[in-house]
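J.: Before I ask anything, here is the structure I am working with.
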Amino acid sequence: MGNWVVNEGLSILVILVWLGINIFLFVYYYIVYLDERFYYTRVLVGDALSWARAPAACLNFNCMLILLPVCRNLLSFLRGSCQCCSRNITRQLDRNITFHKLVAYMIAFHTAIHIIAHLFNFERFMDAQLEQNETIAYVLSQIGNGDNSSYLNPIRTNETNPTFVAFTTIAGLSGVAITLALILIITSSMEVIRRSYFEVFWFTHHLFVIFFIGLVIHGVGEIVRGQTASSVLKNKPNICATQYKDWGKNPDCPIPQFTGNPPMTWKWVIGPMVLYVFERLVRFWRSKQKVVITKVVTHPSKTLELQMKKKGFKMEVGQYVNLQCPSVSQLEWHPFTLTSAPEEDHFSVHIRIVGDWTQQLFEACGGEKKEFQEAWKLPKMAVDGPFGTASEDVFRYEVVMLVGAGIGVTPFASVLKSVWYRYFNNDTGLIPKKIYFYWLCRETNAFEWFADLLQSLETQMLERGNADFLSYRIYLTGWDEAQAVHFTVHHEEENDPITGLKQKTLYGRPNWENEFKTIAGNHPGARIGVFLCGPEVLAKSLSKQSINHSDADPRGVHFIFNKENF
Amino acid sequence: MGQIEWAMWANEQALAAGLILLTGGVVGVAGQFKDWQFAAYGVAAGVFICLLEYPRGKRKKGTSIERTGQRYLTVCVKAFGPLTRNYYVRAGLHAVLSVPGGFMLPTVLGCVCVAIASLIYLLAAIRGEQWEPIMPRVESKERPGQSMKEPPTNPPPRPPAELRRKRQEDAAYVNPIPISVNSV
């Protein structure tokens, strides 16, 4: 019996409200265009008018929303000032990228409906213009031929075709441009591209600038036309429509006058656009502050540690920063979790060398060279952040489970170091009463830099006689024959053959069912924070376990799942 | 940007373009637009491009992730040999396929998207990339030694190793000769 409301309730509510607003806007604007002001427009194009305008309203709404979840500094600020708010609300801010993606899908969906409807509109407007006989469509299309302002049919001549019109009107041209931008953004944001070729994703994503500019000017041509208010009073469509041949000659039915809708989109998106411009300015200003590399350490398993100092830099546990190295690349910023504790006088990141940028950074920092590097030879760095993520909340729970997979242990390095410092300063009131730490790793080399930290914590706790406070398990999930033999031979020794710690390394993957059951049994009625930094598969598994092992009873034990990954 | 395989992005773009061309074609045919023949072409070309681009190629570095159920199409695409392996051919093919889409509004977007995919494929080809099929991994089953056809029927003559090895702290006496795993 699980409790999904505690874990997922608020997120689901947010999504439902968002969907509800979308549906409301769609239906509302569909009905707006059923009004008699648009009677004659609908004579020409039928329902396609409503089918085009309804998703347009939804597009306005979603394009307004899409910039907000990526204003990192704003969100970090909200998160920080929300310390007094319930944990649940701040957790929603962690899912900003998920929300950004959902809104993007919705934009793509509505764009598709909007375009298909307008394809019909263009075709029908063209048909109306090509009418030879004196049908109502013909008469309507001829209106405004003299003054070019009171016309209904945006296609003004019969010597053209829809494609030509699309590319020669502001709406058509901007529409094609922004749709192309949207398609390129989406195809380069596919998981495969994003995870393997980050630069392609990042640079192509900046086409959103073109997207927003085009979006704002899209409606400037005012080609969606309806009857003017005064004209509706004089030429009532339900009476005069059938007498179209006598318009102008009959005093009861003068020729109807039409006008366009003024552009509305800018009213929706101007706010978020301004916020986003501020966001980029803040990022730029922060990046210009001087950053000094104080120490470079190369670890095995292709990991580089950079220790840096920046004036006025303040961080919380588990936060991340964006790093830029102008000598490597002027335009690229990459996120890295901070592995130092707030109590230290410097801040550090551990960078794994996986691609172009990291490789070049490694070389620029003298990673290849064996001898000591002079401080002035080290490259200048720019730092943006720190930005808050889930691990900030670790100290708000009484009991925590920290799960890190491979390099995903980095935010917890920061947490454990901070725990060490607070323990050292006797700030025991500020830390969880019990920490369960799990580290899943594929190769033994990766342990080296972290093992030192665990060793000092282990010694500390033994000295204080509080060995139970931190319970940690390290799982090695991959080994070969030679290593297996080595482990068997050294199995009985006091210190683990891999890490040198008293706590023995375990082999294979943890049995999460058992772990959760045991912990639930040890701490009935507690709020247990489960923090994961690792792959999606593991996230799904832990999320399920958290839900399943949470009591339906509000006084029972609750596992609250928090996930971060990049 | 040395390590980017442009073909990966070209593939995503081409697949999306195929779908867009197909949708535009369906609209043109279903709505009985003028010049609907171009729309019918759009449907056919869109389907063809989707089938061609659905199987992802193998990456030179890193793990290649297949699309669901792409195995059958991989076999078909592989059968054309150099025609599908070479990205110059693909770039040219997409460029040619995109042209008729430009004659009618519903398929114009598909036309431009396919053309862009063609350009990215051209870039991939210039950098020497090739399409390699992702073949299913041959799962080598755990084969125990030939002599271990059946589990032993008789118990071993002495207790298993865990029981033999006494822990130092619990021992009532200490063995004069230290015991190791392979001790007799």
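J.: Name the residue that is surrounded by the fewest Cβ atoms within 10 Å (Cβ to Cβ), counting only residues in region A:99-146 that are modelled with pLDDT under 95 and hydroxyl-bearing (Ser, Thr, Tyr).
T.: Taking the candidates together, the pick is A:Thr135.
J.: Let me ask something additional. Here are some residues: A:Ile170, A:Ile217. Which one is over 23 Å from A:Phe38 (Cβ atoms) and in contact (Cβ under 8 Å) with a residue 12 or more places away in the chain?
T.: A:Ile217
J.: Residues in region B:73-105 that are more than 14 Å from chain A (Cβ to nearest Cβ), of a type outside the set (Lys, Arg) and without any contact (Cβ under 8 Å) to a residue 60 or more places away in the chain: how many?
T.: 19
J.: Go through region B:58-72 residue by residue and tally those that are of a type in the set (Ser, Thr, Tyr) and either within 11 Å of chain A (Cβ to nearest Cβ) or in contact with a helix residue (DSSP H, G or I) (Cβ under 6 Å, 6 or more places away or on another chain) (or both).
T.: The total comes to 2.
J.: Another question, if that's okay. Please pick out the residue among B:Ile126, B:Ile134 that is more than 10 Å from chain A (Cβ to nearest Cβ) and modelled with pLDDT under 90.
T.: Testing whether each residue is more than 10 Å from chain A (Cβ to nearest Cβ) and modelled with pLDDT under 90 leaves just B:Ile134.
J.: Based on this model, can you work out whether A:Val277 counts as outside any loop (DSSP other than H, G, I, E, B), under 28 Å from the mean Cα position of the chain (by Cα) and either β-branched (Val, Ile, Thr) or under 23 Å from A:Thr337 (Cβ atoms) (or both)?
T.: Values: outside any loop (DSSP other than H, G, I, E, B): yes; under 28 Å from the mean Cα position of the chain (by Cα): yes; either β-branched (Val, Ile, Thr) or under 23 Å from A:Thr337 (Cβ atoms) (or both): yes.
In short, yes.
Every residue, every condition in (1) at the interface with another protein chain (Cβ under 9 Å from one of its Cβ atoms); (2) in a helix (DSSP H, G or I); (3) aromatic (Phe, Trp, Tyr); (4) within 25 Å of A:Tyr33 (Cα to Cα), yes or no:
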| site | (1), (2), (3), (4) |
| --- | --- |
| A:Ala128 | no, yes, no, yes |
| A:Val176 | yes, yes, no, yes |
| A:Ile193 | yes, yes, no, no |
| A:Val200 | yes, yes, no, no |
| A:Phe211 | no, yes, yes, no |
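J.: Something else now. So which pairs qualify, if the first residue must be in region A:120-147 and free of Cβ contacts under 8 Å to residues at least 24 places away in the same chain, the second must be of a type in the set (D, E, K, R), the Cβ gap must be under 6 Å, and the two must be at least 6 apart or on different chains?
T.: Partner pairs satisfying both residue conditions: A:Tyr138/A:Glu131.
J.: State whether the residues of region A:152-161 include one that is assigned to a loop (DSSP other than H, G, I, E, B), away from chain B (no Cβ under 12 Å) and among the hydroxyl-bearing types (Ser, Thr, Tyr).
T.: yes
J.: Could you check how many residues of region B:1-51 are more than 7 Å from chain A (Cβ to nearest Cβ), farther than 30 Å from B:Gln130 by Cα and not in a helix (DSSP H, G or I)?
T.: The number of residues fulfilling the criteria is 3.
J.: A further question on this structure: In the set A:Glu448, A:Glu392, which member is within 29 Å of the chain's Cα centre (by Cα), at pLDDT below 75, part of a helix (DSSP H, G or I) and of a type in the set (D, E, K, R)?
T.: A:Glu392
J.: Picking from B:Arg71, B:Arg85, which residue would you name as being of a type outside the set (A, V, I, L, M) and surrounded by fewer than 16 Cβ atoms within 10 Å (Cβ to Cβ)?
T.: Answer to the check: B:Arg71.
J.: Does A:Ala539 satisfy the criteria of being outside any helix (DSSP H, G or I) and among the aliphatic types (A, V, I, L, M)?
T.: Working: outside any helix (DSSP H, G or I): no; among the aliphatic types (A, V, I, L, M): yes.
The answer is no for A:Ala539.
J.: Got at least one residue in region B:76-84 being modelled with pLDDT under 90, among the aromatic types (Phe, Trp, Tyr) and over 12 Å from the mean Cα position of the chain (by Cα)?
T.: Yes, region B:76-84 contains a residue that is modelled with pLDDT under 90, among the aromatic types (Phe, Trp, Tyr) and over 12 Å from the mean Cα position of the chain (by Cα).
J.: Okay, next question. Within region A:459-514, how many residues are closer than 28 Å to A:Ala539 by Cα and either part of a loop (DSSP other than H, G, I, E, B) or modelled with pLDDT under 75 (or both)?
T.: Adding up the residues that qualify gives 16.
The values are calculated or read from the model by the stated rules, or taken from the named source; none is laboratory data. Keep in mind that what you see is a predicted model, and the values were worked out from it rather than measured. Using ideal geometry, Cβ is built from the backbone for each residue, glycine included, and neighbour counts are taken over all protein chains shown.
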